[in-house]
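Asks: Quick one: this structure, given as structure tokens, is what I'll be asking you about.
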Amino acid sequence: MNFYRDATWVLEYVEQQEAKGRISGSLQTLVLQSCTKYKLKCNPKHVYAVIDSCWKYKPYLEKVMKKSGILDDIPKKKGKPMYSRLTLMLLCHDLLFSKSKRIQMGKHPIKEYVLKHKSRLHSELVRLKLKLKVKNLSEIVDNNDSTEDVTPVRWIRINPLRCYQGRDVNAVLEELGKKFPKRVENWNDIVPGSIYYDEYIPHLYGIHPQDKITSHELYKQGKIIIQDRASCFPAHILNPSKDDIIIDACAAPGNKTTHVASYMFGDAKQEDPHVQIYAFEKDPERAKILEKMIKVAGCSKNIQVTVGDFTKAATPDKFKDVTGFIVDPSCSGSGIFGRKYVDSLNRQRNNDTTDKDKKSTEEDDEVPDEQEDYNKKEDLKTRLAKLSSFQFQVIKHAMSFPTAKKIVYSTCSIHAEENERVVLDLLLDSKVKQWGWKVAAKESVIPTWPRRGKIEEFEEVFRDDPAKCQALADGCIRALPRDDGGIGFFAVCFER
Ligand SMILES: C[S@@+](CC[C@H](N)C(=O)[O-])C[C@H]1O[C@@H](n2cnc3c(N)ncnc32)[C@H](O)[C@@H]1O
């Protein structure tokens, strides 16, 4: 009964948030928030699984329950119904829609009450299915998934660092082929059990979001890492070699950091591994996640993590040999959906996390602190202005390192304010001009990717030079959320 009691509180909280119009975020986040809020003892993952399913079936459950009469004769105590509508819903859900079709509790009056209505519930469900012309309600419920907070493709990359320095990549691919025997030529054609070999990023594959990959040994061993395709662009654009020294300015949770490492150390056995990647993260809790991700990916010896503000802790005199930067600072996250789910999966393997660690993985992955402000309904324009000024400062600081040759800037935002306009502000800055930074040409920035930057943003400033505007827009990469197979994204490369 404890589990159903806890789940009722969570469901109540989710309903309240929906009434306030906040359900569009992530159901998982809401569930985890309420588990923390009510200090629930049940495993949040189990609670989430039940609430997620119950939430999907809720409109149908409500109809079936109403018609069955189960809500009409709830026994009363001191004039009040003894059982709550939501607890009954959870029990009915398990009876009708769970795998076991059983209510998971011992003898209890509420269970007996629901079982008393079992045949009515079943016959109403049959009637509803006939009306909806489906054999099983999951047919319609699953369809709804695609419009919700779910990525159209789950992107996974083979991590050569866990494959004997790349020698075993083909063996991993063969292993993947056993789970995903059908190869499709287009990510739009991905169905459960199929796999798509990405044409832009080496060792990156698309699978169906319903295909469970986190229980696979390859995932547990860190041989494959879940990472959205567009989020793989920065490391690929930077394309560092084993002779480079790279700073990742805003690194946690570390997807791009470990991806950079795979380019540098993925295919050469280093006799004497040494640090060549310096990762900065100002949030101590997130830095812990970063450390874990680095460990799982097998590149601890090559990466040094510094907890602190990159613009203060990293100075040109301390990093005299740095050649390149990944700058992926906090942003509005407006290109994101389903992100908390995807990224938290990567960290579910850290079952040994302390409570403190758990809190941060649950609440936060790539979601910037600024998200909080947004929830407080801060004016979007003001927020974007603050963010872009911060983003400008971080890139400009990276540009001040005299030995740096290449800087890849990225956001998971769809707003020009954080993307093309930041590029423009930098290009117009006198110091940046003096340091010699330019936007890299399309040819060196995944040229076959079709969606490029917004030319109209550059035309606002360089009105008289259409060729320049075209070149600048072409130098930028954009990805639209969902339409391009994953999150909304922006990337640009500065070089000199
Ligand atoms: C978008 S996330 C980075 C995601 C990461 N690149 C990845 O791919 O996994 C931005 C991170 O930058 C951190 N951050 C923000 N300002 C920073 C600063 N001034 N110095 C270092 N880290 C900062 C945030 O705490 C957050 O963890």
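Asks: Show the residue pairs meeting these rules: Cβ distance below 6 Å; 6+ apart or different chains; first residue within the range 245-270 and more than 10 Å from the ligand (Cβ to nearest atom); second residue among the small types (Gly, Ala, Ser) and at pLDDT below 95.
Replies: Gly266/Gly166; Asp267/Gly166
Asks: Please go through (1) under 15 Å from Met293 (Cβ atoms); (2) surrounded by 24 or more Cβ atoms within 10 Å (Cβ to Cβ) for Gln221 and return the number of the only condition it doesn't satisfy.
Replies: (2)
Conditions tested, residue by residue: (1) touching a Cys at 6+ places or on another chain (Cβ under 7 Å); (2) buried (at least 20 other Cβ atoms within 10 Å of the Cβ); (3) in a helix (DSSP H, G or I).
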residue: Leu384; (1), (2), (3): no, yes, yes
residue: Gln393; (1), (2), (3): no, no, yes
residue: Asp425; (1), (2), (3): no, no, yes
residue: Phe458; (1), (2), (3): yes, yes, yes
residue: Phe462; (1), (2), (3): yes, no, no
residue: Lys468; (1), (2), (3): no, no, yes
residue: Ala471; (1), (2), (3): no, no, yes
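Asks: Let me ask something else about it. Name the single residue that is farthest from the ligand (Cβ to nearest atom) among those in the range 307-335 being touching a Lys or Arg at 6+ places or on another chain (Cβ under 8 Å) and hydrophobic (A, V, I, L, M, F, W, C). Give the derivation first.
Replies: To start, the set of residues in the range 307-335 that are touching a Lys or Arg at 6+ places or on another chain (Cβ under 8 Å) comprises 307-310, 323-326, 328, 332-333.
Within this subset, residues satisfying the condition of being hydrophobic (A, V, I, L, M, F, W, C) are 307, 310, 325-326.
Working: Val307: 9, Phe310: 4, Phe325: 12, Ile326: 7 Å.
Checking each candidate, the answer is Phe325.
Asks: Among residues belonging to the range 271-282 that are charged (D, E, K, R) and at pLDDT below 95, point out the one that is nearest to the ligand (Cβ to nearest atom).
Replies: Just the residues of the range 271-282 that are charged (D, E, K, R), to begin with: 271-272, 281-282.
Then keep just the ones that are at pLDDT below 95; that gives 271-272.
Numbers: Glu271: 29, Asp272: 28 Å.
So, considering only residues that are charged (D, E, K, R) and at pLDDT below 95, the one nearest to the ligand (Cβ to nearest atom) is Asp272.
Asks: Scanning the range 61-106 for residues that are free of Cβ contacts under 8 Å to residues at least 40 places away in the same chain and assigned to a helix (DSSP H, G or I), which turns out farthest from Glu139 (Cα to Cα)?
Replies: Among them, the one singled out is Arg85.
The values are calculated or read from the model by the stated rules, or taken from the named source; none is laboratory data. All of these numbers come straight from a predicted model, not from anything done at the bench. Neighbour counts run over all protein chains shown; Cβ positions are idealised from the backbone, glycine included.
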